[in-house]
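Colleague: For reference, the structure I am asking about is given below.
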Amino acid sequence: MNVDDCKRAAAHYAASLVESGMVVGLGTGSTAAFMIERLGERVAEGLDILAIPTSEESAALARAAGIKITTFAEHSVVDITIDGADEVERKTLHLIKGLGAALLREKIVAQASRRFVVIVDATKPVNQLGERVPVPVEVVPFGYEATAARLEAMGAKIIRPRRKLTGELLTTDNGNRILDCTFGPIEDVQALAARLDGIVGVVEHGLFPNMATDVLVATEREVEQWAP
Ligand code: 5RP
């Protein structure tokens, strides 16, 4: 199995957890896209759900797949959210998310969910968060250079303000910028999350401590189900 087959296997397993009548949070990214596609097939077979997408991209995929969309104005609680991740810490199941730039809506939807199922292939688990990927930090555009300086003063190495493939600065679905911040392996995820939360100009960051209720890790042989 290649990485895409593993992502698909985890996504299909997660989609099988969804039942008629549920409000479902739809994650963002390539693994989540396999899950949306599978849910679309199940909807065509009669599954009756409403979905809250975590990005404009996932909303478009959901519409194309025939999945009905709702909003927090109609439903304040989400039964299950299924989303990918960039790193999963093996012992704690803390996550880094946001390499797809959807971290703010992803965190709002995850926080409102009874169950938050994370789907990954076997390249995503790490011993310590920050080993392989930076922490994406969403900041307001006004004064983002000053916010970047505050982040650097607290120990972040900012690789770059995120840019699109065209070279233009990336704007998130919420009209903000992303600063990818490298801290190296993170000793205390909750303490770093609290420090990031305290910086004016930071809207949200990609550290998701203690949020996943299930992590589905697809290896070459099987889909493992991890719980905190
Ligand atoms: C988007 C995310 C994604 O879930 C994360 O980047 C994983 O993406 P992929 O499934 O493509 O590896 O957090 O903001």
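Colleague: Among V140, T172, L50, flag the residue with its Cα farthest along the positive direction of the charge dipole of the chain, charges on Cβ as +1 for Lys/Arg and -1 for Asp/Glu.
Modeller: Among V140, T172, L50, the one farthest towards the positive end of the dipole of the chain is V140.
Colleague: Which trypsin sites (Lys or Arg not before Pro) from region 47-156 combine a DSSP loop assignment with at most 10 other Cβ atoms within 10 Å?
Modeller: Hits after loop and neighbour filter: K91.
Colleague: With +1 on the Cβ of every Lys and Arg and -1 on the Cβ of every Asp and Glu, and nothing else charged, how large is the dipole of the chain about its Cα centre, in debye rounded to the nearest 20? If you can, show how the numbers build up before the last one.
Modeller: Working: 24 positive and 32 negative charges, 76 e Å.
The dipole magnitude comes to about 360 debye.
Colleague: Once you compute Rg and the Kirkwood Rh from C-alpha atoms, what is the Rg to Rh ratio for the chain? Don't skip to the answer; put the middle values down first.
Modeller: Working: Rg = 17.2 Å, Rh = 17.8 Å.
Rg/Rh: 0.97.
Colleague: Considering only protein heavy atoms, what per residue accessible area in square angstrom results for region 135-205 with a 1.4 angstrom probe? Provide the component values of the computation, followed by the final result.
Modeller: Working: 3800 Å² over 71 residues.
I get 53 Å² per residue for this part.
Colleague: OK, next. Test of understanding: extend the Cα→C-beta vector of I108 to 7 Å, then name every residue of region 139-174 with backbone N under 16 Å from that spot.
Modeller: 139-141, 172-174, by backbone N distance to the label point.
Colleague: Let me know the Rg and Dmax you get for region 135-205 when you use only its Cα atoms, in Å.
Modeller: Calculated on Cα positions, Rg and Dmax stand at 11.8, 36 Å.
Colleague: Oh, and also: When the chain is fully extended, how far beyond the present Cα-Cα distance does D5 get from R90, taking 0.36 nm per residue of separation? Don't jump to the answer; show the numbers that get you there.
Modeller: Working: separation 85, 0.36 × 85 = 30.60 nm, distance 2.18 nm.
Computed gain between D5 and R90 is 28.4 nm.
Colleague: Here's something else I'd like to know. Can you give the relative contact order of the chain as a percent, counting alpha carbon pairs under 8 Å and 6+ residues apart?
Modeller: Working: 507 pairs, mean separation 50.6, N = 228.
Normalised by residue count, the contact order of the chain is 22 percent.
Colleague: In addition: Once neighbouring chains are kept in place and the probe is 1.4 Å, which whole percent of the accessible area of the chain is contributed by carbon and sulfur?
Modeller: Numbers: 5280 of 10360 Å².
Carbon and sulfur: 51 percent of the exposed surface of the chain.
Colleague: Still on this structure: Filter the GluC sites (Glu not before Pro) in region 164-228 down to the DSSP loop ones having no more than 12 other Cβ atoms within 10 Å, then list what survives. Kindly include the intermediate steps, with their values, before the conclusion.
Modeller: Numbers: sites: E168, E187, E204, E220, E222, E224; in loops: E168, E187, E220, E222.
Listed in order of number, the matching sites are E168, E187, E220, E222.
The values are calculated or read from the model by the stated rules, or taken from the named source; none is laboratory data. In this text the structure is predicted, and so the values were computed from the model without any measurement. For neighbour counting, all protein chains shown are included, and Cβ atoms are generated from backbone atoms with ideal geometry for every residue, glycine included. Quick note on the areas: whole protein, heavy atoms, side chains included, nothing else; ligands and nucleic acids left out. Shrake-Rupley method; radii C 1.70, N 1.55, O 1.52, S 1.80 Å.
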